[in-house]
Amino acid sequence: MGPKDARATPGLWSRNFGLFFVARAVARLGDTMLPVAIAAGLLQHGYGAGAVGLAMASTVASFAGLVIFGGVIADRFGTRGLMIGADLVRLVTQVLTAVLFFSGRVVLWEICVIGLVNGAAGAVFQPGVASTVQRLATDAQGANGAIRVAESAAQLGGPAAAGVMVGLTSPGGVFVAHAATYAISAVCLLLLRLPAQPPGERARARAVSTFRADLVEGWREFRSRTWLWSVIAIWCVYMIAVWGPITPLVATEVVGEHGPGAYGLVNSALGAGTVVGGLLALRLRPRRMLRAGGIGMLLGFAGFPATVGLGLGVPAMAAGAAVAGAGMAFWGVMWATSVQTQVPPDVLNRIHAYDVAGSLAMMPVGQALAGPAAAALGAEGVLMVAAVTSVFVFAALLAVPAIRNLVRVDATPLGGSAAAAIQGERDRQTS
(Lines give C-alpha, C1' and ligand atoms only; values in the text may rest on other atoms or scores of the structure.)
Protein backbone atom coordinates (compact mmCIF):
# COMPACT_ATOMS: atom_id res chain seq x y z
CA MET A 1 0.00 0.00 0.00
CA GLY A 2 1.48 3.33 -1.04
CA PRO A 3 1.63 6.68 0.71
CA LYS A 4 -1.39 8.05 -1.15
CA ASP A 5 -3.76 5.32 0.01
CA ALA A 6 -4.82 7.22 3.14
CA ARG A 7 -8.31 7.88 1.80
CA ALA A 8 -9.88 7.79 5.27
CA THR A 9 -7.65 10.50 6.69
CA PRO A 10 -9.88 13.50 5.77
CA GLY A 11 -12.64 12.03 7.97
CA LEU A 12 -10.31 11.76 10.94
CA TRP A 13 -10.95 15.18 12.46
CA SER A 14 -14.33 14.88 14.10
CA ARG A 15 -15.23 16.81 17.26
CA ASN A 16 -14.79 13.68 19.35
CA PHE A 17 -11.41 12.78 17.93
CA GLY A 18 -10.32 16.40 18.37
CA LEU A 19 -11.16 16.24 22.08
CA PHE A 20 -9.31 12.97 22.50
CA PHE A 21 -6.38 14.39 20.55
CA VAL A 22 -6.15 17.40 22.87
CA ALA A 23 -6.45 15.20 25.96
CA ARG A 24 -3.56 13.00 24.88
CA ALA A 25 -1.37 15.90 23.74
CA VAL A 26 -1.82 17.93 26.94
CA ALA A 27 -1.29 14.91 29.20
CA ARG A 28 1.88 14.10 27.30
CA LEU A 29 3.09 17.66 27.82
CA GLY A 30 2.91 17.14 31.56
CA ASP A 31 4.49 13.70 31.41
CA THR A 32 7.54 15.02 29.55
CA MET A 33 8.08 17.60 32.28
CA LEU A 34 8.08 15.02 35.05
CA PRO A 35 11.57 13.45 34.62
CA VAL A 36 13.18 16.89 34.80
CA ALA A 37 11.31 17.69 38.02
CA ILE A 38 12.07 14.34 39.63
CA ALA A 39 15.78 14.36 38.73
CA ALA A 40 16.41 18.01 39.60
CA GLY A 41 14.27 17.90 42.74
CA LEU A 42 15.87 14.81 44.24
CA LEU A 43 19.38 15.93 43.32
CA GLN A 44 18.73 19.30 44.99
CA HIS A 45 17.75 17.48 48.19
CA GLY A 46 20.91 15.37 48.32
CA TYR A 47 19.77 12.19 46.59
CA GLY A 48 21.70 10.45 43.80
CA ALA A 49 21.14 8.35 40.68
CA GLY A 50 19.85 5.37 42.66
CA ALA A 51 17.12 7.47 44.29
CA VAL A 52 16.09 8.97 40.96
CA GLY A 53 15.88 5.46 39.51
CA LEU A 54 13.77 4.18 42.41
CA ALA A 55 11.39 7.14 42.22
CA MET A 56 10.84 6.58 38.50
CA ALA A 57 10.64 2.80 38.94
CA SER A 58 7.88 3.03 41.57
CA THR A 59 5.40 4.44 39.06
CA VAL A 60 6.36 2.02 36.32
CA ALA A 61 6.30 -1.02 38.63
CA SER A 62 2.81 -0.22 39.89
CA PHE A 63 1.59 0.48 36.38
CA ALA A 64 3.04 -2.70 34.89
CA GLY A 65 1.77 -4.86 37.73
CA LEU A 66 -1.83 -3.62 37.57
CA VAL A 67 -2.48 -2.72 33.94
CA ILE A 68 -3.63 -6.24 33.04
CA PHE A 69 -6.44 -5.95 35.58
CA GLY A 70 -7.21 -2.50 34.22
CA GLY A 71 -7.68 -4.07 30.79
CA VAL A 72 -10.23 -6.56 32.11
CA ILE A 73 -12.12 -3.80 33.93
CA ALA A 74 -12.15 -1.65 30.79
CA ASP A 75 -13.58 -4.47 28.66
CA ARG A 76 -16.26 -5.18 31.25
CA PHE A 77 -17.38 -1.71 32.24
CA GLY A 78 -16.31 0.72 29.52
CA THR A 79 -13.43 3.15 29.32
CA ARG A 80 -14.40 6.83 29.49
CA GLY A 81 -15.43 6.97 33.17
CA LEU A 82 -12.36 5.00 34.21
CA MET A 83 -10.07 7.31 32.27
CA ILE A 84 -11.63 10.44 33.81
CA GLY A 85 -11.32 8.98 37.30
CA ALA A 86 -7.68 8.10 36.72
CA ASP A 87 -6.93 11.66 35.59
CA LEU A 88 -8.56 13.08 38.73
CA VAL A 89 -6.54 10.78 41.00
CA ARG A 90 -3.31 11.90 39.35
CA LEU A 91 -4.39 15.53 39.61
CA VAL A 92 -4.55 15.10 43.40
CA THR A 93 -1.23 13.23 43.69
CA GLN A 94 0.67 15.81 41.67
CA VAL A 95 -0.70 18.65 43.78
CA LEU A 96 0.43 16.75 46.88
CA THR A 97 3.91 16.27 45.40
CA ALA A 98 4.10 20.00 44.63
CA VAL A 99 3.29 20.76 48.27
CA LEU A 100 6.13 18.49 49.44
CA PHE A 101 8.69 20.16 47.17
CA PHE A 102 7.51 23.69 47.98
CA SER A 103 7.76 22.91 51.69
CA GLY A 104 11.30 21.56 51.35
CA ARG A 105 10.27 18.33 53.08
CA VAL A 106 11.20 15.70 50.49
CA VAL A 107 11.41 12.10 51.74
CA LEU A 108 12.19 9.43 49.16
CA TRP A 109 9.71 6.84 50.41
CA GLU A 110 6.87 9.38 50.23
CA ILE A 111 7.77 10.25 46.65
CA CYS A 112 7.83 6.53 45.83
CA VAL A 113 4.40 5.95 47.42
CA ILE A 114 2.95 8.78 45.35
CA GLY A 115 4.58 7.16 42.32
CA LEU A 116 2.86 3.87 43.15
CA VAL A 117 -0.53 5.59 43.26
CA ASN A 118 0.15 7.35 39.96
CA GLY A 119 1.09 4.04 38.40
CA ALA A 120 -2.13 2.42 39.58
CA ALA A 121 -4.17 5.28 38.12
CA GLY A 122 -2.28 4.96 34.84
CA ALA A 123 -3.03 1.23 34.82
CA VAL A 124 -6.74 2.03 34.88
CA PHE A 125 -6.38 4.73 32.21
CA GLN A 126 -4.11 3.16 29.59
CA PRO A 127 -6.09 0.09 28.40
CA GLY A 128 -8.86 2.31 27.07
CA VAL A 129 -6.56 4.30 24.78
CA ALA A 130 -6.32 1.66 22.04
CA SER A 131 -10.05 0.94 21.84
CA THR A 132 -10.91 4.64 22.00
CA VAL A 133 -8.76 5.30 18.93
CA GLN A 134 -10.52 2.47 17.10
CA ARG A 135 -13.97 3.78 18.01
CA LEU A 136 -13.25 7.37 16.97
CA ALA A 137 -11.09 7.09 13.86
CA THR A 138 -11.69 5.66 10.41
CA ASP A 139 -7.94 5.36 9.85
CA ALA A 140 -6.07 3.77 12.76
CA GLN A 141 -2.59 4.54 11.44
CA GLY A 142 -3.53 8.13 10.67
CA ALA A 143 -5.01 8.57 14.14
CA ASN A 144 -2.00 7.03 15.84
CA GLY A 145 0.32 9.13 13.71
CA ALA A 146 -1.55 12.35 14.50
CA ILE A 147 -1.55 11.62 18.23
CA ARG A 148 2.13 10.71 18.10
CA VAL A 149 2.99 13.99 16.37
CA ALA A 150 1.01 15.96 18.96
CA GLU A 151 2.63 14.11 21.85
CA SER A 152 6.01 14.64 20.28
CA ALA A 153 5.40 18.34 19.78
CA ALA A 154 4.47 18.52 23.46
CA GLN A 155 7.77 16.85 24.30
CA LEU A 156 9.59 19.61 22.45
CA GLY A 157 8.34 22.25 24.86
CA GLY A 158 7.74 20.22 28.01
CA PRO A 159 11.28 19.38 29.17
CA ALA A 160 12.63 22.81 28.27
CA ALA A 161 9.77 24.51 30.11
CA ALA A 162 10.37 22.25 33.10
CA GLY A 163 14.04 23.20 33.16
CA VAL A 164 13.14 26.91 33.12
CA MET A 165 10.52 26.44 35.85
CA VAL A 166 12.97 24.56 38.07
CA GLY A 167 15.46 27.39 37.65
CA LEU A 168 12.97 30.19 38.31
CA THR A 169 10.90 28.60 41.07
CA SER A 170 11.42 25.03 42.26
CA PRO A 171 10.50 21.49 41.15
CA GLY A 172 7.20 22.08 42.92
CA GLY A 173 6.15 24.46 40.16
CA VAL A 174 6.58 21.72 37.59
CA PHE A 175 4.29 19.43 39.57
CA VAL A 176 1.62 22.12 39.71
CA ALA A 177 1.78 22.41 35.92
CA HIS A 178 1.65 18.62 35.62
CA ALA A 179 -1.48 18.52 37.76
CA ALA A 180 -3.11 21.11 35.49
CA THR A 181 -2.54 18.90 32.44
CA TYR A 182 -4.51 16.08 34.09
CA ALA A 183 -7.34 18.51 34.80
CA ILE A 184 -7.50 19.52 31.13
CA SER A 185 -7.39 15.89 30.02
CA ALA A 186 -10.26 15.00 32.35
CA VAL A 187 -12.41 17.86 31.01
CA CYS A 188 -11.79 16.82 27.39
CA LEU A 189 -12.72 13.22 28.17
CA LEU A 190 -15.82 14.38 30.04
CA LEU A 191 -16.98 16.20 26.89
CA LEU A 192 -16.21 13.16 24.72
CA ARG A 193 -19.09 11.16 23.29
CA LEU A 194 -17.94 7.72 22.19
CA PRO A 195 -19.86 5.87 19.49
CA ALA A 196 -21.85 2.88 20.71
CA GLN A 197 -20.04 -0.42 20.99
CA PRO A 198 -21.21 -3.39 18.89
CA PRO A 199 -24.49 -4.68 20.39
CA GLY A 200 -24.23 -7.24 23.12
CA GLU A 201 -20.51 -7.05 23.85
CA ARG A 202 -20.70 -5.10 27.10
CA ALA A 203 -23.76 -7.05 28.26
CA ARG A 204 -21.96 -10.32 27.58
CA ALA A 205 -18.92 -9.17 29.51
CA ARG A 206 -20.98 -8.25 32.54
CA ALA A 207 -23.56 -11.03 32.60
CA VAL A 208 -21.80 -14.09 31.20
CA SER A 209 -18.08 -13.89 31.92
CA THR A 210 -16.38 -13.70 35.27
CA PHE A 211 -13.44 -11.45 35.98
CA ARG A 212 -11.12 -14.45 36.07
CA ALA A 213 -12.54 -15.85 32.83
CA ASP A 214 -11.98 -12.53 31.07
CA LEU A 215 -8.42 -12.44 32.40
CA VAL A 216 -7.74 -15.93 31.11
CA GLU A 217 -9.36 -15.19 27.76
CA GLY A 218 -7.13 -12.14 27.34
CA TRP A 219 -4.04 -14.24 28.06
CA ARG A 220 -5.16 -16.93 25.61
CA GLU A 221 -5.72 -14.34 22.87
CA PHE A 222 -2.34 -12.78 23.66
CA ARG A 223 -0.29 -15.97 23.53
CA SER A 224 -2.01 -17.19 20.35
CA ARG A 225 -0.28 -14.43 18.37
CA THR A 226 3.40 -15.24 17.90
CA TRP A 227 4.25 -11.81 16.53
CA LEU A 228 2.74 -10.19 19.64
CA TRP A 229 4.38 -12.20 22.40
CA SER A 230 7.68 -12.34 20.52
CA VAL A 231 7.92 -8.57 20.46
CA ILE A 232 7.09 -8.40 24.15
CA ALA A 233 9.68 -11.04 25.06
CA ILE A 234 12.38 -9.14 23.17
CA TRP A 235 11.19 -5.88 24.71
CA CYS A 236 11.80 -7.27 28.19
CA VAL A 237 15.51 -7.45 27.37
CA TYR A 238 15.36 -3.94 25.94
CA MET A 239 13.79 -2.59 29.12
CA ILE A 240 16.29 -4.24 31.48
CA ALA A 241 19.47 -3.50 29.58
CA VAL A 242 18.63 -0.40 27.53
CA TRP A 243 15.69 1.87 28.30
CA GLY A 244 15.44 1.19 32.02
CA PRO A 245 19.02 2.31 32.78
CA ILE A 246 18.97 5.10 30.18
CA THR A 247 16.07 6.97 31.79
CA PRO A 248 17.68 7.81 35.16
CA LEU A 249 21.32 7.75 34.02
CA VAL A 250 20.88 10.20 31.14
CA ALA A 251 18.98 12.47 33.52
CA THR A 252 21.62 12.39 36.25
CA GLU A 253 24.56 12.62 33.84
CA VAL A 254 23.24 15.58 31.87
CA VAL A 255 21.78 17.43 34.87
CA GLY A 256 24.92 16.81 36.90
CA GLU A 257 27.34 17.92 34.18
CA HIS A 258 25.38 20.59 32.32
CA GLY A 259 22.37 21.53 34.47
CA PRO A 260 18.57 21.10 34.17
CA GLY A 261 18.39 23.38 31.14
CA ALA A 262 20.70 21.13 29.13
CA TYR A 263 18.69 18.07 30.08
CA GLY A 264 15.55 19.88 28.97
CA LEU A 265 17.27 20.65 25.64
CA VAL A 266 18.24 17.01 25.11
CA ASN A 267 14.69 15.89 25.84
CA SER A 268 13.34 18.55 23.51
CA ALA A 269 15.62 17.17 20.78
CA LEU A 270 14.18 13.74 21.50
CA GLY A 271 10.75 15.30 21.07
CA ALA A 272 11.75 16.93 17.78
CA GLY A 273 12.88 13.56 16.49
CA THR A 274 9.61 11.96 17.46
CA VAL A 275 7.72 14.67 15.58
CA VAL A 276 9.67 13.71 12.46
CA GLY A 277 9.04 10.02 13.10
CA GLY A 278 5.32 10.65 13.58
CA LEU A 279 5.11 12.63 10.35
CA LEU A 280 6.88 9.82 8.52
CA ALA A 281 4.36 7.38 9.98
CA LEU A 282 1.53 9.56 8.67
CA ARG A 283 3.05 9.52 5.18
CA LEU A 284 4.48 6.02 4.78
CA ARG A 285 2.18 3.00 4.66
CA PRO A 286 4.43 -0.08 4.56
CA ARG A 287 2.82 -3.44 3.86
CA ARG A 288 4.89 -5.04 6.61
CA MET A 289 4.64 -2.47 9.37
CA LEU A 290 6.68 -4.14 12.11
CA ARG A 291 9.54 -4.82 9.72
CA ALA A 292 9.65 -1.15 8.76
CA GLY A 293 9.44 -0.03 12.39
CA GLY A 294 12.17 -2.45 13.47
CA ILE A 295 14.51 -1.16 10.78
CA GLY A 296 13.90 2.39 11.99
CA MET A 297 14.87 1.45 15.54
CA LEU A 298 17.90 -0.57 14.43
CA LEU A 299 19.31 2.30 12.41
CA GLY A 300 18.53 5.16 14.76
CA PHE A 301 18.45 4.33 18.45
CA ALA A 302 21.97 3.44 19.61
CA GLY A 303 23.40 6.93 19.07
CA PHE A 304 21.36 8.37 21.93
CA PRO A 305 22.92 6.46 24.86
CA ALA A 306 26.29 6.34 23.07
CA THR A 307 26.64 10.12 22.77
CA VAL A 308 25.84 10.60 26.45
CA GLY A 309 28.11 7.74 27.48
CA LEU A 310 30.99 9.16 25.47
CA GLY A 311 30.45 12.65 26.89
CA LEU A 312 30.35 14.26 23.45
CA GLY A 313 28.69 17.45 24.59
CA VAL A 314 25.16 18.80 24.52
CA PRO A 315 24.87 19.33 20.71
CA ALA A 316 25.97 15.75 19.97
CA MET A 317 23.69 14.35 22.67
CA ALA A 318 20.79 16.34 21.27
CA ALA A 319 21.50 15.03 17.76
CA GLY A 320 21.63 11.44 19.01
CA ALA A 321 18.38 11.96 20.90
CA ALA A 322 16.67 13.41 17.81
CA VAL A 323 17.58 10.44 15.60
CA ALA A 324 16.54 7.99 18.30
CA GLY A 325 13.25 9.83 18.74
CA ALA A 326 12.42 9.51 15.04
CA GLY A 327 12.97 5.76 15.15
CA MET A 328 10.99 5.36 18.36
CA ALA A 329 8.00 7.31 17.06
CA PHE A 330 7.88 5.47 13.76
CA TRP A 331 8.08 2.11 15.52
CA GLY A 332 5.43 3.21 18.03
CA VAL A 333 2.87 4.05 15.34
CA MET A 334 3.57 0.84 13.42
CA TRP A 335 3.23 -1.22 16.60
CA ALA A 336 0.10 0.50 17.98
CA THR A 337 -1.66 0.27 14.62
CA SER A 338 -0.75 -3.40 14.25
CA VAL A 339 -2.21 -4.23 17.66
CA GLN A 340 -5.37 -2.18 17.10
CA THR A 341 -6.09 -3.64 13.65
CA GLN A 342 -4.98 -7.26 14.13
CA VAL A 343 -6.90 -7.90 17.37
CA PRO A 344 -10.73 -8.35 17.61
CA PRO A 345 -12.41 -5.33 19.26
CA ASP A 346 -14.05 -7.26 22.10
CA VAL A 347 -10.66 -8.27 23.56
CA LEU A 348 -8.64 -5.25 22.46
CA ASN A 349 -8.48 -3.54 25.87
CA ARG A 350 -7.18 -6.74 27.46
CA ILE A 351 -4.69 -7.44 24.70
CA HIS A 352 -3.48 -3.84 24.88
CA ALA A 353 -3.10 -4.25 28.64
CA TYR A 354 -1.03 -7.43 28.21
CA ASP A 355 1.00 -5.61 25.57
CA VAL A 356 1.68 -2.64 27.86
CA ALA A 357 2.35 -4.80 30.93
CA GLY A 358 4.77 -7.02 29.04
CA SER A 359 6.50 -4.09 27.43
CA LEU A 360 7.05 -2.33 30.75
CA ALA A 361 7.40 -5.27 33.15
CA MET A 362 11.17 -5.17 33.17
CA MET A 363 11.57 -1.40 33.00
CA PRO A 364 11.51 -0.86 36.79
CA VAL A 365 14.12 -3.62 37.10
CA GLY A 366 16.40 -1.74 34.72
CA GLN A 367 15.72 1.56 36.49
CA ALA A 368 16.32 0.12 39.94
CA LEU A 369 19.57 -1.53 38.78
CA ALA A 370 20.82 1.68 37.18
CA GLY A 371 22.39 2.95 40.40
CA PRO A 372 24.24 -0.28 41.34
CA ALA A 373 25.34 -0.80 37.73
CA ALA A 374 26.66 2.77 37.55
CA ALA A 375 28.53 2.23 40.82
CA ALA A 376 30.20 -0.87 39.36
CA LEU A 377 30.84 0.23 35.76
CA GLY A 378 30.39 3.97 35.88
CA ALA A 379 27.37 5.70 34.35
CA GLU A 380 29.25 6.13 31.06
CA GLY A 381 30.01 2.41 30.90
CA VAL A 382 26.40 1.41 31.53
CA LEU A 383 25.21 3.76 28.79
CA MET A 384 27.70 2.29 26.31
CA VAL A 385 26.54 -1.24 27.17
CA ALA A 386 22.97 -0.06 26.56
CA ALA A 387 23.93 1.32 23.15
CA VAL A 388 25.52 -1.95 22.03
CA THR A 389 22.69 -4.05 23.45
CA SER A 390 20.08 -2.00 21.59
CA VAL A 391 21.61 -3.03 18.25
CA PHE A 392 21.25 -6.71 19.13
CA VAL A 393 17.71 -6.22 20.46
CA PHE A 394 16.39 -4.62 17.30
CA ALA A 395 18.24 -7.11 15.11
CA ALA A 396 16.47 -9.85 17.07
CA LEU A 397 13.10 -8.25 16.24
CA LEU A 398 13.84 -8.48 12.54
CA ALA A 399 15.11 -12.07 12.88
CA VAL A 400 11.68 -13.42 13.93
CA PRO A 401 9.63 -14.38 10.83
CA ALA A 402 6.26 -13.79 12.53
CA ILE A 403 7.30 -10.20 13.28
CA ARG A 404 9.01 -9.16 10.07
CA ASN A 405 6.43 -10.86 7.80
CA LEU A 406 3.22 -9.64 9.50
CA VAL A 407 1.04 -8.03 6.81
CA ARG A 408 -0.94 -4.92 7.65
CA VAL A 409 -4.72 -4.94 8.10
CA ASP A 410 -6.58 -1.66 7.59
CA ALA A 411 -9.73 -1.41 9.66
CA THR A 412 -12.68 0.88 10.22
CA PRO A 413 -14.06 1.88 13.64
CA LEU A 414 -16.74 0.17 15.73
CA GLY A 415 -15.44 -3.29 15.15
CA GLY A 416 -17.71 -4.98 12.61
CA SER A 417 -15.73 -4.64 9.41
CA ALA A 418 -12.50 -4.61 11.39
CA ALA A 419 -13.16 -8.10 12.67
CA ALA A 420 -14.03 -9.26 9.17
CA ALA A 421 -10.87 -7.72 7.78
CA ILE A 422 -8.77 -9.41 10.45
CA GLN A 423 -10.30 -12.80 9.74
CA GLY A 424 -9.95 -12.34 6.01
CA GLU A 425 -6.29 -11.44 6.36
CA ARG A 426 -5.73 -14.49 8.57
CA ASP A 427 -7.36 -16.70 5.93
CA ARG A 428 -5.16 -15.22 3.19
CA GLN A 429 -1.99 -15.68 5.23
CA THR A 430 -2.78 -19.31 6.09
CA SER A 431 -4.02 -20.36 2.68
Single match in 307, 226 (criterion: among the polar types (S, T, N, Q) and in contact (Cβ under 8 Å) with a residue 60 or more places away in the chain): 226
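Would you say residue 91 is modelled with pLDDT of 80 or more, in contact with an Asp or Glu (Cβ under 9 Å, 6 or more places away or on another chain) and either among the small types (Gly, Ala, Ser) or within 25 Å of residue 167 (Cα to Cα) (or both)? Let's see the steps before the verdict.
Numbers: modelled with pLDDT of 80 or more: yes; in contact with an Asp or Glu (Cβ under 9 Å, 6 or more places away or on another chain): no; either among the small types (Gly, Ala, Ser) or within 25 Å of residue 167 (Cα to Cα) (or both): yes.
So residue 91 fails the test.
Just to be sure, is residue 215 in a helix (DSSP H, G or I), modelled with pLDDT of 85 or more and over 17 Å from residue 158 (Cβ atoms)? Don't jump to the end; show me each part of the working.
Details: in a helix (DSSP H, G or I): yes; modelled with pLDDT of 85 or more: no; over 17 Å from residue 158 (Cβ atoms): yes.
Criteria not met by residue 215.
Only residues that are crowded, with 18+ Cβ neighbours inside 10 Å and part of a helix (DSSP H, G or I): list them for segment 96-115, please. Working first, answer last.
So in segment 96-115, the residues crowded, with 18+ Cβ neighbours inside 10 Å come out as 97-98, 100-101, 106, 111-112, 114-115.
Within segment 96-115, 97, 98, 100, 101, 111, 112, 114, 115 qualify.
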Can you tell me which residue in segment 363-385 is modelled with the highest pLDDT, limited to those that are among the β-branched types (Val, Ile, Thr) and surrounded by fewer than 20 Cβ atoms within 10 Å (Cβ to Cβ)? 385
Of all residues being over 22 Å from the mean Cα position of the chain (by Cα) and of a type outside the set (Gly, Ala, Ser) in segment 346-391, which is nearest to residue 69 (Cα to Cα)? Just the residue, please. 346
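State whether one or more residues within segment 66-86 are part of a helix (DSSP H, G or I), closer than 19 Å to residue 32 by Cα, in contact with a helix residue (DSSP H, G or I) (Cβ under 6 Å, 6 or more places away or on another chain) and in contact (Cβ under 8 Å) with a residue 12 or more places away in the chain. Can you show your working first?
Our first condition is that a residue be part of a helix (DSSP H, G or I); within segment 66-86, this holds for 66-77, 80-86.
Checking which are closer than 19 Å to residue 32 by Cα leaves us with 86.
Still in the running and in contact with a helix residue (DSSP H, G or I) (Cβ under 6 Å, 6 or more places away or on another chain): 86.
From what's left, in contact (Cβ under 8 Å) with a residue 12 or more places away in the chain: 86.
Looking for residues that are part of a helix (DSSP H, G or I), closer than 19 Å to residue 32 by Cα, in contact with a helix residue (DSSP H, G or I) (Cβ under 6 Å, 6 or more places away or on another chain) and in contact (Cβ under 8 Å) with a residue 12 or more places away in the chain, one finds at least one in segment 66-86, hence yes.
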One residue from 255, 308 being over 25 Å from residue 355 (Cα atoms) and modelled with pLDDT of 85 or more: 308
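For residue 181, indicate whether it is modelled with pLDDT of 90 or more, outside any loop (DSSP other than H, G, I, E, B) and either within 27 Å of residue 121 (Cβ to Cβ) or of a type in the set (Gly, Ala, Ser) (or both). Let's see the steps before the verdict.
Values: modelled with pLDDT of 90 or more: yes; outside any loop (DSSP other than H, G, I, E, B): yes; either within 27 Å of residue 121 (Cβ to Cβ) or of a type in the set (Gly, Ala, Ser) (or both): yes.
Yes: the conditions hold for residue 181.
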Residue match in segment 150-162 (condition: among the polar types (S, T, N, Q), part of a helix (DSSP H, G or I) and either modelled with pLDDT under 80 or under 22 Å from residue 408 (Cβ atoms) (or both)): yes
Residue 359 meets each of (1) modelled with pLDDT under 85; (2) out of contact with any Phe, Trp or Tyr (no Cβ under 6 Å at 6 or more places or on another chain) with one exception, condition (2)
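State yes or no: is residue 89 within 30 Å of residue 14 (Cα to Cα), touching a helix residue (DSSP H, G or I) at 6+ places or on another chain (Cβ under 6 Å) and not small (Gly, Ala, Ser)? Even if it seems obvious, please write down each step before you answer.
Working: within 30 Å of residue 14 (Cα to Cα): yes; touching a helix residue (DSSP H, G or I) at 6+ places or on another chain (Cβ under 6 Å): yes; not small (Gly, Ala, Ser): yes.
Judged against the criteria, residue 89 is a match.
The values are calculated or read from the model by the stated rules, or taken from the named source; none is laboratory data. What you see is a predicted model, and the numbers here were worked out from it, not measured in a lab. We place every Cβ from the backbone using ideal geometry, glycine too, and count neighbours over all the protein chains shown.
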